[in-house]
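Notes follow once the structure below has been shown.
Taken together, the values in this text are just the output of simple stated rules run on the coordinates, not laboratory data. Treat the numbers as computed from the prediction; the structure is a model and nothing was measured. Cβ: placed from backbone, ideal geometry, glycine included. Neighbour counts: every protein chain shown.
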Amino acid sequence: MHTIMKESLKKYLEYIDSDEDFSFKVRMEAEWDDHAYQEFLRLLTAVIHDYKDSGLMPIPVMLFFTSGLDQLIGIVTNPLFFKTASREYEDLVRGRVAELEMLQKKFLCGELFMQS
């Protein structure tokens, strides 16, 4: 079965292959860019929304939720990540980590695919 790639997936793949990719920036710069985080989340959730009724989920999305997310959380929860950070910055990052963990749980249990 051959299906045409949806525009949301094309945009997501271009994004994660670029230097603007949120996870890449966190790894390379050891800094949380909340604007980049929000853009990443917007692209990721657009793909999920577009594919949720197909019964199939693109491999790059699966890989993010099964391994990439854990790597990202490992980086930003390392005490060295906050060595010189303000309390507000640390609170922001920890709040975003909690969001990502909840999103991962909803993805893995299938709840994200039941929402309209």
- Item | Relative contact order (%) - the chain, alpha-carbon pairs under 8 angstrom, separation at least six | 27
- Rounded to the nearest 500 deg cm²/dmol, what is the calculated helix-only ellipticity per residue at 222 nm for the chain, with -39500 (n - 2.57) per DSSP H run of length n ≥ 4? -19500 deg cm²/dmol
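Give me the extension gain from L92 to F113: residue separation times 0.36 nm, minus the current Cα-Cα distance, reported in nm with one decimal. Numbers along the way, then the final one.
Working: separation 21, 0.36 × 21 = 7.56 nm, distance 2.73 nm.
My answer for the length gained is 4.8 nm.
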- Listed residues R87, R42, R27; largest mean-square fluctuation, Gaussian network over the chain with Cα springs below 10 Å, found at R87
- Query: Given R₀ = 41 Å, FRET efficiency for M28-K106 by Cβ-Cβ distance, to 0.05?
  - Reply: 0.90
- Message: Can you tell me which of L80, L41, L100 moves the most in a GNM of the chain? Springs connect C-alpha atoms under 10 Å apart.
- Response: L80
- Message: Which lysines, if any, have their Cα less than 30 Å from the Cα of K106, not counting same-chain residues under 8 positions apart?
- Response: K6, K10, K11, K25, K52
- Message: Between T66 and K10, what's the calculated FRET efficiency when r is the beta-carbon distance and R0 is 22 Å? Round to 0.05.
- Response: 0.50
